[in-house]
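Here's the structure we're looking at; comments come further down.
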Amino acid sequence: MAEHLYIPTTKDRKGIYEAIIPQVEALINQETDLIANLANTTAVLKEAFSFFWVGFYLVKEAQLVLGPFQGPLACTRIAFGKGVCGTSYTQQKTLVVPDVEAFPGHIACSSLTQSEIVVPVWQEKKVVAILDIDSDQREDFDQVDQLYLEQIASLLGKTQKW
Ligand code: SME
């Protein structure tokens, strides 16, 4: 079990993502439990980037239900089509929100959140979860985050028992 996470000392997010993705892969390859693997994935992302909130919402009972996360207390259930998470689920695509106040229907679990990225996790042709990351900085996410977070979501989607 790789208990030590190596994070390069750079501010370049691309370099950090490229260093952590193989480590996430190694971690989840050693463990079969879904919750354990989602939990460690949120820990890696939180530690690598110090994001304000990192977590998964799982598709259960036709809604999104809070799963493993790192950060402050969060809403436990989100209806499809509601908030950034529910909209990402309904539109079946990644949403990058540079300013949450400008997103109609944004659900403010914390008033400190300024920007957000939400990435669906696909298992074959179905969205089974969404990865939600909140930042306390405006415009904190771009296509680099999207590219690498989609890689992480794809890795989880393909390898885990959902
Ligand atoms: N802001 C999200 C809700 C989840 S929390 O941010 C953790 C949304 O609008 O869907």
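Each peptide in 97-105, 67-75 receives the mean, over its residues, of other Cβ atoms within 10 Å, and ordering these scores from highest gives 67-75, 97-105. Oblate is the label for the chain, because the ratio a/c of its alpha-carbon gyration tensor axes (a ≥ b ≥ c) is 1.5 or higher and a/b is not greater than b/c. Computed 3J(HN,Hα) for segment 15-30, one whole-Hz value per residue from the Karplus formula 6.51 cos²θ - 1.76 cosθ + 1.60 where θ = phi - 60°, is x, 5, 4, 5, 7, 7, 4, x, 6, 4, 4, 5, 4, 6, 6, 8, glycine and proline marked x.
Annotation: amide H of GLY67 within the under-5 Å range of PHE56, TYR57, LEU58, sequence separation 5 or more or interchain, hydrogens built in the peptide plane. In the complete set of protein chains, residue-level accessible area for THR90 is approximately 80 Å², probe 1.4 angstrom.
Scanning residues 5 or more positions from VAL121 or on other chains, those with amide H under 5 Å from its amide H are VAL128, ALA129, ILE130, LEU131, with H placed 1.01 Å from N in the peptide plane.
Taking every C-alpha pair closer than 8 Å and separated by at least 6 residues, the mean separation divided by the residue count of segment 1-116 gives a relative contact order of 14 percent.
Once all protein chains are placed together, TYR6 keeps about 130 Å² accessible to a 1.4 angstrom probe.
Summing charges over neighbours of VAL54, with a neighbour being any other residue whose Cβ is under 12 Å away from its Cβ, gives -4 when K and R count +1 and D and E count -1.
The values are calculated or read from the model by the stated rules, or taken from the named source; none is laboratory data. Keep in mind the model is a prediction, meaning the values are calculated, not measured. Every residue, glycine among them, receives a Cβ derived from its backbone with ideal geometry; neighbour counts consider all protein chains shown. Surface areas here come from the heavy atoms of the whole protein model, side chains and all, with no ligands, DNA or RNA. Shrake-Rupley method; radii C 1.70, N 1.55, O 1.52, S 1.80 Å.
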